[in-house]
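Q: Once you've had a glance at the structure underneath, I'll fire off some questions.
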Amino acid sequence: MRLALYVQQLLFQHECVTIPNFGAFLTRSFEAHVTPKGRFFPPRREVNFNQLLISNDGILAHYFAEKEAIPYEHALRIIEKEVSSWKRRLQTQTLRFPKIGEIHLNTARKIEFTSWEKVNFDLKAFGLKVFDRDPLMIKTTPNLMENSNKDDLMFTPEKKKKTSNKSPLLKYAAIGVIATSLLSAAYYYGDQYITEERILAQGKAQQQIEKNIQEAAFDLGSIDPIEINLVASSQDVIPDKIYYSVIAGSFRIVENAERKVSQLVDEGYPAAIAEFSPEGLYRVAYGRYSNKKEAINMLYFIKYTLKEEAWYLEEK
């Protein structure tokens with residue numbers, strides 16, 4: 001089943017791979033996350049199947065023709081023959097797509113898809129696996145007071161003479177510990193105080209700079225008026241929104257661009273003028289879409305079905 005192998009390869013590159021007159025495999029993205037028990041999951045893309053998407057978008061046929069080194073029309077005929085074989089086998093058995101999943105008919109004679117979930121189709125997660133985090137081991141320091149010999153605290157006149165030699169050493173050790181603690185605390189709080197004072201000084205300096213800028217007066221002289229000609233698009237453009245356009249051509253003269261838009265609209269396309277090129281050319285699009293999949297489907301339809309020149313542009 002070379003066709004199933006090509007479908008699997010395309011799922012790493014496209015969110016939707018349609019098999020004409022059979023259905024489409026769709027991928028759904030999931031972000032990386034960590035479970036409460038410490039199990040890490042990398043980002044992944046899982047596969048689903050939609051039997052309603054059967055229109056040929058040209059992606060699979062073009063890829064099949066390229067891999068097999070055969071004409072596009074010949075690839076379409078091979079795909080149609082393979083799909084007919086799949087439909088006959090599906091009536092009595094399960095169709096298995098390696099590393100993708102299985103398709104079978106349930107008791108109601110409806111198509112059901114079961115994903116194998118063994119392959120992550122997200123290229124960004126290549127080499128990443130699920131793993132469990134080792135629990136953190138917290139080391140505790142023994143309490144000197146608890147581990148000290150309690151017999152040292154209980155004394156009698158007779159024992160006092162025996163332990164009199166150790167008492168000065170313990171006193172000096174306690175004094176050293178207290179002195180070290182005081183020095184550490186003084187250094188910590190002194191450094192913290194200096195840091196806070198630096199932050200306050202920087203804030204005051206920034207406020208003074210802003211005040212000077214607001215009070216300053218600038219003489220820019222007179223500026224000659226500039227005429228700007230804006231070309232209105234046939235579609236409303238929402239600021240800060242990404243558009244996906246299928247470009248038909250670029251024109252230096254706006255009248256030629258508008259004439260091309262009118263021609264494409266008469267042919268039934270939702271044509272419009274896209275964003276300007278860095279060279280100042282007027283780009284004419286077969287259509288501008290807010291959905292990336294719709295733009296890609298239009299691109300493949302124009303290039304591989306209609307055999308027309310077009311290219312894809314993501315407007316930001």
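Here, each number is a calculation from the coordinates, and none is a lab measurement. What you are looking at is a predicted structure, and each value in this text was computed from that prediction instead of being measured. All Cβ positions, even for glycine, are placed from backbone atoms using ideal geometry, and neighbour counts span all protein chains on display.
Q: How many residues are surrounded by 17 or more Cβ atoms within 10 Å (Cβ to Cβ) and closer than 14 Å to Ile100 by Cβ if we restrict to segment 19-43?
A: 7
Q: Moving on to the next point. Test Ile54 against the criterion of being touching a Gly at 6+ places or on another chain (Cβ under 7 Å), farther than 22 Å from Val119 by Cβ and of a type in the set (A, V, I, L, M, F, W, C), and give yes or no.
A: yes
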